[in-house]
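Every number here is computed from the coordinates shown, using simple stated rules; none is lab data. All values reported here derive from a predicted model rather than from experimental measurement. Positions of Cβ are generated from backbone atoms using ideal geometry, with glycine treated the same way; all protein chains shown enter the neighbour counts.
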Amino acid sequence: MAQQVAEAARTFQERQTGNSPKAVTVVLSDDTLVVTLHDALSPAEIELSKTPDGAAQVQQYHRQLFESSAHLLRKEIRRITGVKVREAAVEVETKTGAVVHAFTSGRMVQVFRLDGSISAESWSGPGNGS
């Protein structure tokens, strides 16, 4: 299912913007699905994002695009998972070119993009509290 959702998100992004992300990550936690499209911005959007005003324009553009067409991706997610999507939101990280789609069922979603990766061993281990 995760692979099918990732491919649906990749196809959705490519159809909407003409630009395909380099990678797609899908995370499911209870009833919240988070899809991250890595390096999803076009070269022109990356260039425009170098200024605060330009970055705001790119973010607003992707929010409007998502709002006007997210029903298509929501429908595809329902087809794949068998579960209706209640809410959907998008956030664009202009510095890294990532586009994050969050699909929830009435939850508050906070998405934190880390500046590096964490090994599965460290994440699942006992932790050190720091």
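Below, the figures for the structure above:
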| item | result |
| --- | --- |
| Checklist (1) in contact with a His (Cβ under 7 Å, 6 or more places away or on another chain); (2) under 12 Å from His101 (Cα atoms) applied to Lys22, failing item | (2) |
| In segment 60-90, the residues that are buried (at least 18 other Cβ atoms within 10 Å of the Cβ), touching a strand residue (DSSP E or B) at 6+ places or on another chain (Cβ under 6 Å) and within 30 Å of Glu47 (Cβ to Cβ) | His62, Phe66, Ala70, Ala88, Val90 |
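Residues checked against (1) touching a residue at least 40 places away in the same chain (Cβ under 8 Å); (2) not in a loop (DSSP other than H, G, I, E, B):
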| site | (1), (2) |
| --- | --- |
| Gln4 | yes, yes |
| Asn19 | no, no |
| Val24 | no, yes |
| Thr36 | yes, yes |
| Asp53 | no, yes |
| Gln59 | no, yes |
| Ala70 | no, yes |
| Leu73 | yes, yes |
| Lys84 | no, no |
